[in-house]
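J.: Here it is: the structure, laid out below.
The values are calculated or read from the model by the stated rules, or taken from the named source; none is laboratory data. Note that the structure is a prediction, hence the values are computed from the model and not measured. Don't worry about glycine lacking a Cβ; one is built from the backbone with ideal geometry, like all the others, and counts go over all protein chains shown.
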Amino acid sequence: MTLGACLMVGAYPALGPAHTPELQTIAVSFEHTVAGTVTHVRDGDTIEMGRIAIRLSRLDCAERGTEQGQRATEKMRALVHRAELTCDLSGHKSYDRHIGQCHLADGRDLARVMITTKTSKRFR
């Protein structure tokens, strides 16, 4: 039995300062909501809007470099190509990525859409 390329998970775990030394400064210095056009898709669960890298909370996709990871990346690209998103950032970071929940222009949660939307056969 093969699992899908992405899974929805519970609320993103709180990251402590031991894991993210920049946590306290980012929580007070970064706006909590950003909106704009997706400029780059890193992989199935990370996008960029300009210089802001956003790791989608509650979504965990297969790693880049794997077949499932490639499918997840392609699916994300198809969903957000030239899309306008609004992302609510948690104030936490994972590596160089802000953790956030993003919504498409029609209000749908992007992480949920990644899990529930069936796309062309090339994404299966």
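J.: Considering only residues that are farther than 18 Å from Val113 by Cβ and either modelled with pLDDT of 95 or more or surrounded by 14 or more Cβ atoms within 10 Å (Cβ to Cβ) (or both), which ones fall in segment 70-98?
T.: Gln70, Leu89, Ser90, Gly91, His92, Lys93, Ser94, Arg97, His98
J.: Which of the residues that make up segment 1-54 are in a loop (DSSP other than H, G, I, E, B), at pLDDT 50 or above and touching a Gly at 6+ places or on another chain (Cβ under 8 Å)?
T.: Ala5, His32, Thr39, Gly44, Gly50 - these are the residues of segment 1-54 that are in a loop (DSSP other than H, G, I, E, B), at pLDDT 50 or above and touching a Gly at 6+ places or on another chain (Cβ under 8 Å).
J.: A further question on this structure: I need the full set of residues from segment 63-93 which are assigned to a helix (DSSP H, G or I), touching a residue at least 60 places away in the same chain (Cβ under 8 Å) and basic (Lys, Arg), in order please.
T.: Arg71, Lys75
J.: On to the next question. Output the residue which, of all residues in segment 107-124 that are surrounded by fewer than 14 Cβ atoms within 10 Å (Cβ to Cβ) and not hydroxyl-bearing (Ser, Thr, Tyr), is modelled with the lowest pLDDT.
T.: Of everything passing the filter in segment 107-124, Arg124 is modelled with the lowest pLDDT.
J.: If you take the residues in segment 37-62 that are exposed (fewer than 13 other Cβ atoms within 10 Å of the Cβ) and in contact (Cβ under 8 Å) with a residue 12 or more places away in the chain, which one is nearest to Thr86 (Cα to Cα)?
T.: So, considering only residues that are exposed (fewer than 13 other Cβ atoms within 10 Å of the Cβ) and in contact (Cβ under 8 Å) with a residue 12 or more places away in the chain, the one nearest to Thr86 (Cα to Cα) is Thr37.
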